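Trainee: Below are the structure tokens for one structure; questions will follow.
Read-outs: derived from the displayed coordinates by stated rules, not from any lab. The shown structure was predicted, so the numbers you read here are calculated from the model rather than taken from an experiment. All Cβ positions, even for glycine, are placed from backbone atoms using ideal geometry, and neighbour counts span all protein chains on display.
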Amino acid sequence: MASMLILNGPNLNLLGQRQPEVYGKTTLGDIETRCKAHAQAVGCSLLFSQSNHEGALIDQIHAAKGVHDGIILNAGAYTHTSIALMDAIASVELPVIELHLSNIHAREAFRHKSYIAPVAVGQICGFGAHGYILAMDALLAHLGAAT
């Protein structure tokens, strides 16, 4: 049974309240519930987590090695600023799917640069909360292709 870590970065705890015109009205709790149901339906296990602190996210990425088969990361604004997250991903040698609720390429220019993309197997953005399910399926397909 495949195991994945779904890791959420800063301000995602405010989903449903913060800029619903950009991020939707679905809460992070709602997304977690959907992801757990999907994991059960497709036969994988998952740990779902969120932190507003870069170091805590790095610690969780490090701890995933040897425990999880892959990571889905919605790094929020850290996507565009954190070389430390990029280095952490590279160091654990696990497949990572970069995830965003909004289409970062259709937003402000500073959001077009991702430090995660060079170390990710792929990126899913612009599909709102459904992007989490798409990312889970993409990670499982990638893991299946790798074996």
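Trainee: Using only the Cα atoms of region 1-99, build the gyration tensor, take square roots of its eigenvalues as a ≥ b ≥ c, and label the shape rounded, prolate or oblate: rounded if a/c is under 1.5, else prolate if a/b is larger than b/c, else oblate. All intermediate terms of the calculation are to be shown ahead of the outcome.
Mentor: Values: a/c = 2.29, a/b = 1.11, b/c = 2.06.
Here region 1-99 falls in the oblate category.
Trainee: Roughly speaking, what is the stretch gain from F110 to Q19, that is 0.36 nm per residue apart minus the C-alpha to C-alpha distance, in nm to one decimal?
Mentor: Numbers: separation 91, 0.36 × 91 = 32.76 nm, distance 1.81 nm.
The span from F110 to Q19 would gain 31.0 nm if fully extended.
Trainee: Classify region 52-147 as rounded, prolate or oblate from the Cα gyration tensor: take a ≥ b ≥ c as the square roots of its eigenvalues, call it rounded if a/c is under 1.5, otherwise prolate when a/b beats b/c and oblate if not. Walk me through the numbers on the way to the answer.
Mentor: Details: a/c = 1.86, a/b = 1.16, b/c = 1.61.
Since a/c reaches 1.5 but b/c is at least a/b, the shape of region 52-147 is classed as oblate.
Trainee: Still on this structure: On a straight-distance basis, which lysines could pair with K65 in a cross-link, Cα separation under 29 angstrom, same-chain partners fewer than 8 positions away excluded?
Mentor: Counting by Cα, and skipping residues close in sequence, K65 has these lysines nearby: K36, K113.
Trainee: Also: I want the local charge near A39. Using Cβ-Cβ distances under 14 Å, sum +1 for each Lys or Arg and -1 for each Asp or Glu among the other residues.
Mentor: Working: positive: R34, K36; negative: E32, D69, D137.
Cβ neighbours under 14 Å give a net charge of -1.
Trainee: With r as the distance between the Cβ atoms of N103 and S49 and R0 = 22 Å, compute the FRET efficiency 1/(1 + (r/R0)^6) and round to 0.05.
Mentor: Numbers: r = 24 Å, r/R0 = 1.11.
Computed FRET efficiency for S49 and N103: 0.35.
Trainee: Continuing with the same structure: Looking only at C125, C35, C44, which one moves most when the chain is put into a Gaussian network model with springs between Cα atoms under 10 Å?
Mentor: Sorting by GNM fluctuation, first place goes to C44.
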